[in-house]
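Below is one structure, written out as structure tokens; the observations come after it.
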Amino acid sequence: MKTSNNKPAVKTALVGALSLLMLPNIASASFMDGFKDPIDGRIDASQWILDNSAGFMPIPLIITEPAVGTGGGAALLFFHETEEQKAIREQNPEQVSEIPPSVTGVVGAATSNGSSLAGVFHSGNWKNDNIRYLGGIFGADFNLQYYQEGSDQANKFNIKGLYFFQDIDFRIGSSNFFIGADYVNMSSEASFDLSSMLPGIDPLALDSTDAHLGLKLTYDSRDNQFAPRKGTKAGVKANMHGKGVGGDFDYQDYHAFVQSYHRVAPKWGVAMRLDAKSTTDGAPFYAKPFIDMRGMAAMRYQADNTALAEVEVSYDIDDRWTVLGFAGTGKAVNNDQSFNQAKWQNAQGAGFRYLVARQLGLRTGIDIAKGPEEWTVYLQFGGAW
């Protein structure tokens with residue numbers, strides 16, 4: 001999980017997150033023992049999360065997304081193990097669980113430009129990881145900027161409403177392939193501030209619902225769903241939007257991606273990402289894809305089609321601490337343009353991770369990225385992709 005274009009403060013932020021776990025009984029030595037890994041004696045939240053009936057992982061959200069300003073919030077993640085998963089973990093305390101427990105999350109955040117977000121979600125792994133589910137509902141009120149094609153002038157707008165989603169995947173036999181479907185319904189009100197172009201004109205408002213039914217095929221051989229170190233996740237997806245599924249807009253969008261993770265030496269890792277999205281005519285402006293990459297503001301480089309590539313190189317200082325560097329490039333291309341007409345937009349940066357829950361393979365840390373316009377900071381929970 002990433003808190004988009006977000007976050008400052010290096011070790012301080014990580015220590016702060018871990019400190020939140022310890023507030024209830026900071027003076028109790030026995031309580032503190034629950035945050036020491038019996039294998040290496042380092043700070044670790046595995047026992048608190050999995051062995052405590054009230055265990056949860058608080059994730060601070062420190063937001064520096066250029067599109068919405070600075071701000072913060074928190075997510076509380078509650079982990080649910082099956083009895084079988086618990087038995088395997090207790091019998092093999094040195095191993096990282098291959099099948100993550102289900103997670104229920106509560107999220108809330110607000111920023112300096114008046115944007116806010118709150119919601120709940122559940123991620124379930126059922127039938128020995130043969131069925132994967134993700135669903136939830138969020139309410140949001142965002143003050144954003146929309147850039148017209150070829151213009152550096154931002155048009156301010158507000159969008160608020162409810163975002164409801166359901167997503168399920170079924171494993172095909174004993175393979176690493178999954179076939180799945182999802183449904184999304186976003187009812188919203190978008191209002192545009194026209195005062196910069198037409199002084200004295202009241203904001204223009206538009207109520208609408210965008211809904212889709214999607215079908216997808218996914219391949220997933222990653223060794224961990226939270227923060228993979230080896231393996232590949234790849235997929236293709238087609239979404240059908242329209243009145244038949246509860247929306248106001250008739251169009252289609254498509255998505256293809258590859259995320260690949262490799263250990264090239266005991267301490268060195270390389271991860272690569274390719275991603276392409278496309279929409280047909282009829283999509284509302286806020287639904288068109290944008291270059292979604294560390295260092296680039298949301299909706300800054302938006303068009304009917306996007307394509308990007310990113311690479312990340314990591315080095316393990318020890319079993320807990322990892323440093324990394326990354327770079328990427330992407331294009332946003334409209335349907336009436338050729339691919340060569342669009343400009344490549346580049347970004348690069350560096351960061352670190354700490355293995356905060358060894359038995360789950362959970363890593364958290366900070367990335368600092370530089371895009372075409374500005375520097376941004378991200379607090380990362382798990383992998384960046």
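The stretch between GLN166 and ILE39, if pulled fully straight at 0.36 nm per residue, gains 41.9 nm over its current Cα-Cα span. Checking the a/c ratio against 1.5 first, then a/b against b/c, what shape does the Cα gyration tensor give for segment 170-307? Oblate is the answer for segment 170-307, as a/c is 1.5 or above yet b/c matches or exceeds a/b.
Heavy-atom accessible surface of segment 222-324, averaged per residue, reaches 43 Å², computed with a 1.4 Å probe.
Within the accessible area of segment 263-355, the carbon and sulfur atoms contribute 58%, probe 1.4 Å, all protein chains present. Shape class of segment 34-178 from the Cα gyration tensor (axes a ≥ b ≥ c, square roots of the eigenvalues): prolate, since a/c reaches 1.5 or more and a/b is larger than b/c.
Global size of segment 275-364: 17.0, 51 Å for Rg and Dmax (C-alpha atoms, Rg to one decimal, Dmax whole).
Using a probe radius of 1.4 angstrom, the carbon and sulfur fraction of the accessible surface of segment 43-125 is 59%. The residues of segment 67-186 expose on average 53 square angstrom of accessible surface per residue, using a 1.4 Å probe on protein heavy atoms. Using C-alpha pairs under 8 Å with a sequence gap of at least 6, the mean separation divided by the residue count of segment 211-276 gives a relative contact order of 29 percent. Protection proxy ranking, highest mean first, for peptides 349-362, 155-168: 349-362, 155-168, where packing is the per-residue count of other beta-carbon atoms within 10 Å, averaged.
Modelled spin labels at GLU94 and THR280, positioned 7 Å past Cα toward Cβ, are 5.6 nm from each other.
The values are calculated or read from the model by the stated rules, or taken from the named source; none is laboratory data. If you're wondering where the values come from, they're calculated on a predicted model, not measured in any experiment. Please note: Cβ atoms are built from the backbone with ideal geometry, for glycine as well, and neighbour counts cover all protein chains shown. Only protein heavy atoms, including side chains, enter the accessible area calculation; ligands, DNA and RNA are left aside. Shrake-Rupley method; radii C 1.70, N 1.55, O 1.52, S 1.80 Å.
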